[in-house]
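Notes follow once the structure below has been shown.
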Amino acid sequence: AGDVYSNPDFAGRCGWSMYTGAAAWYYKAVLEYLLGYDEREGGFTITPKLTESFPNFTLQVNRHGTQYTIRAERGSKTEYKLDGKIVNNYFPFDKKRHLLEITVEI
């Protein structure tokens, strides 16, 4: 908590924990629901939900010594390209650098 009240009428109450908790849930909702990031044992999958008002994004994932630059945009079909090669939707943490380009069918 950011502030613990010392006023005898409010002793021990915390005022900012609500905000930091809300920020954590907001971050989780954006990362998992909107961007579709789902970390699994040894790697992750990603299934973005793009719309007219949210047509693309770039995301940096740095986990377990591995770096992914992820670029997602709307397209005519859903496709995943890892370092220029079409792949399935699973990306391991392999201690390398990668570029993941995703097109999402709308």
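Each Lys or Arg adds one and each Asp or Glu subtracts one; over the other residues with Cβ under 13 Å from the Cβ of Leu99, this totals +3.
Summing charges over neighbours of Ile46, with a neighbour being any other residue whose Cβ is under 14 Å away from its Cβ, gives -1 when K and R count +1 and D and E count -1. Per-residue SASA remark: Glu73, around 100 Å² accessible (1.4 Å probe; ligands, DNA and RNA not included). In whole angstrom, the range 46-106 maps to an equivalent ellipsoid with semi-axes of 21, 12, 8, each derived as √(5λ) from the alpha carbon gyration tensor and ordered largest first.
A 1.4 Å probe over all protein chains sorts Phe54, Phe93, Phe44 by accessible area into Phe54, Phe93, Phe44, starting with the largest.
The 1.4 Å probe gives accessible areas that order Lys95, Lys77, Lys28, largest first, as Lys95, Lys77, Lys28.
The values are calculated or read from the model by the stated rules, or taken from the named source; none is laboratory data. Because the structure is a prediction, the values reported are computed rather than measured. Heads up, the Cβs are rebuilt from the backbone with ideal geometry, glycines too, and the neighbour counts pull from every protein chain shown. The area values use the complete protein model at the heavy-atom level, side chains included, leaving out ligands, DNA and RNA. Shrake-Rupley method; radii C 1.70, N 1.55, O 1.52, S 1.80 Å.
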